[in-house]
1. Rounded to whole Hz and in sequence order, give me ³J(HN,Hα) for the range 76-82 from the Karplus expression 6.51 cos²θ - 1.76 cosθ + 1.60, θ = phi - 60°, writing x for Gly and Pro.
2. Amide H of TRP18 versus every other amide H placed in the peptide plane: which residues, excluding those fewer than 5 positions away on the same chain, fall under 5 Å?
3. What residues have an amide H closer than 5 Å to that of LEU43, excluding those fewer than 5 places away on the same chain, when H is modeled at 1.01 Å from N in the peptide plane?
4. Can you work out ³J(HN,Hα) from phi for every residue in the range 89-99, in order, using Karplus 6.51 cos²θ - 1.76 cosθ + 1.60 and θ = phi - 60°, giving whole Hz and x for Gly and Pro?
5. Report, by chain and number, residues whose modeled amide H sits under 5 Å from the one on ALA79, excluding near sequence neighbours (fewer than 5 apart, same chain).
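Just so it is clear, none of the values below were taken in a lab; they were calculated from the coordinates. Here the structure is a predicted model, which is why all the values come from computation and not from measurement.
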Amino acid sequence: MPSHGKKTTRGTPALRGWWRVTKTMHPGERGAVRLMHEYGDRLVCVRYRTSGSGEERLTTVELIVERAVIRKRGDQIIAFKIRDHEHQLRREALRRGAWFDAKSGLWQLARHEVLRLGLRHRIAVAPDQLLRDEVGRGRNGLLGVAK
């Protein structure tokens, strides 16, 4: 989006040529109330745009069309193992938001929480995620294993 007062060229038929944003209104402000009722919580702002010649004015709206949670790598949900007899560890994992996936038989929790629990060595890796390094493999197909 262009900043306030800058001229822009757009490819859409309604915005062909030079248009300048002359006013930006947020939901609830005078001039945006009617559109707020029409678009509800999806409305971000209303803008008046004036043509380069100053002969036309457009009213445009900015809408939210999708909202998604951004997961950083540390927030990635991963599977890990807790043994049946580790009751205290299980309680601590549950306190941090973990849940048991009966299908896989593993616990699920955000990666950063698993690392905080000191369980890096228990993180499960799916077979399709394992890297295969063909160079350096012995005849038996294993790395670093005596023949």
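1. 3J(HN,Hα) across the range 76-82, in whole Hz: 4, 7, 10, 9, 8, 9, 10.
2. Hits under the 5 Å cutoff: GLY52.
3. ILE64
4. Once θ is set to phi - 60°, the couplings for the range 89-99 become 4, 4, 4, 5, 5, 4, 4, 8, x, 6, 9 Hz.
5. Here ALA124 satisfy the definition.
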